[in-house]
Every structure is written in structure tokens, then in C-alpha cells.
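Rule-based calculations on the coordinates, nothing more; no lab input. This structure is a prediction, so every number in the text was calculated from the model and none was measured. Glycine also receives a Cβ, built like all others from the backbone with ideal geometry; neighbour counts cover every protein chain displayed.
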Amino acid sequence: MKQNVKMSLRGTLFTAGLFLILTSVHAEEAKPLYSGSLRADYNYRAFGASDDHDLYGYWYLRGRNLSDKTVDIYTSGRTHSDLDGTSSDDYFSSIDDASKGDIRLLQMYIDIHDKKDTLAVRFGRQYVDVADYIQIDGAQGMLFENKTLGGRVFIGKPVSDYTSTKGDSFGGVSVVGRPLKGNISRATYARYEDDSEGAVDEHWFLDVKQRFSDEMRARTYLSVMNDDIRMGGADLIYVSMGDRVLDGILGVQRWGDYNATTRAYSPLSAVLGDIEPYTMANGRVTFETLSWLYLSPGAMVKQPDDSNFTNRRFERYDLSFILEPADDLTATVAAEYWNVEDSDRFFGLSGDIRYRCRKNLELTLGAAYLDLTYLELADQSVITAFDANNNVVNVTALDGTRVERSPDTFTYYLRGKWKITEKTSLRVSGEIEDDSDEDDLAYRVRTSLEVRL
């Protein structure tokens, strides 16, 4: 256990030290700006005879306007120590336990740019935000993106914490323009080459954002994968600028029947088969009824082209009441209901009270009730069909004995936040869960100490 903790701390200190070395080179030029955060989290979970202790560390460090306002640097990452070890039959094991290490360097790059930020080159580990946030070790060149017409190119080696990406590559080009007042339009082409599968995915993406006024905005987008429509949609957003709160969003999405072949875009296709088409619509509005009461109803509907056990129709409705009777006191009550085809349903009710004391202490007390009803296939059989290349083309479930189950769960929690100084804060939370399907209670305690630089 001590060795794991030392490894995590060494990783955090190594990255922080490297950052400080880099920033010290031009510390006296052009008034550079530094910011960052170091956070340590302890997570305890217990259920029956099993318990789990984990220690996490998170960091981000940034330096701007270095070297006469032409260099920015940034690093962020996470460390993890399993304080009690993980075995194959551990109740709390997860996909994180299959990762290649306890230290994850999420980003670490250097930006070299002109003083007007019209030309820039970024080297290092980074996310390509214009192309599905694929993580790469590589470079991006950005030209005139803050002008009427610009763009970027990007290329690098994909990064994965769970599998080898040796031989894989990712790259592309993006063009952005402002053809109308309040408009930003971007077209992106990206290509992922998966060496392990000998496969290639080509992705085109069009994103158009339009600002009609200070209150009204819209967005439309279209994604094409290997000449098939992957997804497309539109969102309309309203944010009130008056004295009374009235905000709303309305959106629709269409997911098509496309064929992705690389691990970046279809990590589960070998098990679940190809993506099946469906349409999704959602809406939410938040409005002020009284000076101390806000209502926020929302709805979401999914309509598949062909319903089956992996692509089902559902309707989701929720309603939140937000009460602010005093500046230092807030209460929330929320209800949620899901209606899924074949008589499955979910109902949840939750509420909490939050009290803020002298701007440096905050306490929250809350509870939640969940009721779930579903049909379980007690004697289920599955037939899986493969094509000539041994790819899954069809998965069929043969119904056996169908048994209705309706467990319910009560959850109680207490959370606290203490702002120790202007740059230091401590968070502590405790949670108890009582599930009618289980004989034992579940417990969780989380603590977090954060220092901002």
C-alpha cells in the first residue's frame, strides 16, 4: 500500500516539478500568468463483507504569456492508488483496474504562437477538440482561427490507458469561418488508422453555430462516418437577459446505421454488433414563478427504427423545484420517471437542503428514493451470428421465463465544503444506500483536499 502511494505522489511531483522548470525560464518577461490546481481524493466504499479504499490525485498547471507573450504551456493528469489491492473477484473492480498504470498524463503540451494568437503550433500530449476529443501524442497547427477564415491541421499517435495503440495513427484537417454576423461554421475531416485490425475510419463533421441575439442561439451538426450518416441534429437555446429567469433548450438528434471499424469509434461492436438507427428528442425549460421559487421541467424521447433488446423506445420526464427562501439557504426537490417499452419503468424522487455559512462553509443534507420495475428473462438464450470475417452481424435473444421485478432503493447523504483559505478547500461526503434486493447496506465516504495556485 505504501509503495502505491509513493508511486502516485512521485508521478504528481515529477509533473509539477517539470512544469515549474519550464515556467521559470521566462518568469520575468511580459508578466506571465500562472494558474493550477492540486487535488487529493480519498474514496471508501463498503458493501457486506467487501470494502474498498482508493486514493486519487488530480492536477492541472498552466502558464500563459511566457517568452514575450508567445508561449503557453499546460499539463494535467491523474494518479490512482488502490490501497487494499484488487483481485479478480473484487466486488468493486472496474475497467480502471485494467489500465496500464496508476499514473495518467492526460495533457502536457507547449503552445508557440504570435502575440495576436492568429498563428499557433501545439506539440505534446493533447486532445483534438474539433475531432471527437481523440487523445494523441502529436501536433496541431492553428492558422487564423479567430479571423473570418482559418483552420488547423493535426496529426499524432493515439493514446490509450487500456490497450496498445502501437502502429495506430490519427490525423486530419479542419476549416472554420464566420460567413455571417454571429455565425461560426466548421468543417472537419479526420482519419483513424487501426493497426491491430488493419482498419481505417474516415470521419467528416460539420458544425454550424448561429447567435441571433444575446438571448437566442442555435446549433446544427452533421457527422458522416465512412460515407454513412453517423449522426446529425439541431439545438435551439434561449437564455433570458431580463430580471426574471426564463431559460430553455430544445433539441433533436438522429443516429444512423453506420459501419465503424476502428477501436476509437467502435470499441464494443465486436460484442454488441453494428449501431442501430434511432431518433432522439429532448427539451427543458427553467423559469421563475416567484422570487424564491424556480421550476425546471424536462423531457426526452427515443424512437428506434426497429425495437429490440439493445435498441428500445423510451420516454423520460423530470421536474425540479428549486427554492431559495434566503441568500444562504437553498432547497431542491426533483422527480424523474422513465417509461420503457415492454412495461419496464423507473421512478425516482430526491431532495436536499443546502446551507451556506459566512461564504466559507457549506452543508448539504439530502435523500433519494428509487423504484424500478422490469421484466427479467430468467431462462434467456442467445443466438449470435457471424459473417465471413468473424464479425458479429446479429444477436438474437430467445425469451424464456419472464419474471417481473420491482426493487426499490433509499439513499441518504451528507456533504460538506469548507473553504479553509482563498486557495484551499476541503470537501467531505458520506452516503448510505438501502436496496430492497440486498440484505446489507452500502456505504461510501469521499474526502477531497484541493489547493489552487
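I need the calculated FRET efficiency for the pair Asp434 and Cys357, taking r as the beta carbon distance and R₀ as 41 Å, to the nearest 0.05.
Details: r = 30 Å, r/R0 = 0.73.
The value I calculate is 0.85.
Where Lys and Arg each count +1 and Asp and Glu each count -1, what net charge lies around Gly36 among other residues with Cβ under 15 Å from its Cβ?
Working: positive: Arg39, Arg62, Arg64, Arg78, Lys423, Arg452; negative: Asp72, Glu422, Glu450.
Spelling it out: positives minus negatives among the neighbours equals +3.
Taking the Cα-to-Cβ direction at Leu180 and at Ser35 and moving 7 Å from each Cα, how far apart do the two end points lie in nm?
3.3
Give me the orientation-averaged projected area of the Cα convex hull of region 191-326, in nm², one decimal. Present the calculation step by step, with values, prior to reporting the outcome.
Details: hull surface 45.1 nm².
For region 191-326, averaging the hull's shadow over all directions gives 11.3 nm².
Which of rounded, prolate, oblate describes region 112-174, given a ≥ b ≥ c as roots of the alpha-carbon gyration tensor eigenvalues and a/c under 1.5 marking rounded, otherwise prolate only if a/b is larger than b/c? Show your work: numbers first, answer last.
On the way: a/c = 2.96, a/b = 2.25, b/c = 1.32.
It comes out prolate by the Cα gyration axes.
Mind checking region 120-213 for trypsin sites (Lys or Arg not before Pro) that DSSP puts in a loop (not H, G, I, E or B) and that have at most 13 other Cβ atoms within 10 Å?
On the way: sites: Arg122, Arg125, Lys147, Arg152, Lys166, Lys181, Arg186, Arg191, Lys209, Arg211; in loops: Lys147, Lys166, Lys181.
Answer in residue order: Lys147, Lys166, Lys181.
In nm, what is the difference between 0.36 nm times the number of residues separating Phe347 and Ala281 and their Cα-Cα distance? If you can, show how the numbers build up before the last one.
On the way: separation 66, 0.36 × 66 = 23.76 nm, distance 2.03 nm.
The span from Phe347 to Ala281 would gain 21.7 nm if fully extended.
Determine which aspartates and glutamates satisfy two conditions relative to Lys69: a Cα distance under 20 Å, and not lying fewer than 8 residues away in the same chain.
Those aspartates and glutamates meeting the cut-off are Glu28, Glu29, Asp111, Asp114, Asp117, Glu145.
If you take the beta carbon distance between Tyr42 and Asn226 as r and set R0 to 51 Å, what does 1/(1 + (r/R0)^6) give as a FRET efficiency, to the nearest 0.05?
On the way: r = 45 Å, r/R0 = 0.88.
With a Förster radius of 51 Å, E is 0.70.
Would you kindly state how much longer the chain becomes between Val200 and Leu293 on full extension, computed as 0.36 nm times their sequence separation minus their alpha carbon distance, in nm to one decimal?
Values: separation 93, 0.36 × 93 = 33.48 nm, distance 5.31 nm.
Stretched out fully, the Val200 to Leu293 stretch lengthens by 28.2 nm.
So how much slack lies between Leu143 and Ser50, counting 0.36 nm per residue of separation and subtracting their Cα-Cα distance, in nm? Present the calculation step by step, with values, prior to reporting the outcome.
Working: separation 93, 0.36 × 93 = 33.48 nm, distance 5.46 nm.
Stretched fully, the Leu143-Ser50 segment lengthens by 28.0 nm.
Within region 195-226, find all residues whose amide N lies under 12 Å from a label point positioned 7 Å from the Cα of Asp132 along Cα-to-beta-carbon.
200-205, 223-226
I'd like the FRET efficiency for Arg427 and Ala335, computed as 1/(1 + (r/R0)^6) with the beta carbon distance as r and R0 of 22 Å, rounded to 0.05.
Details: r = 27 Å, r/R0 = 1.23.
Rounded to the nearest 0.05, the efficiency is 0.20.
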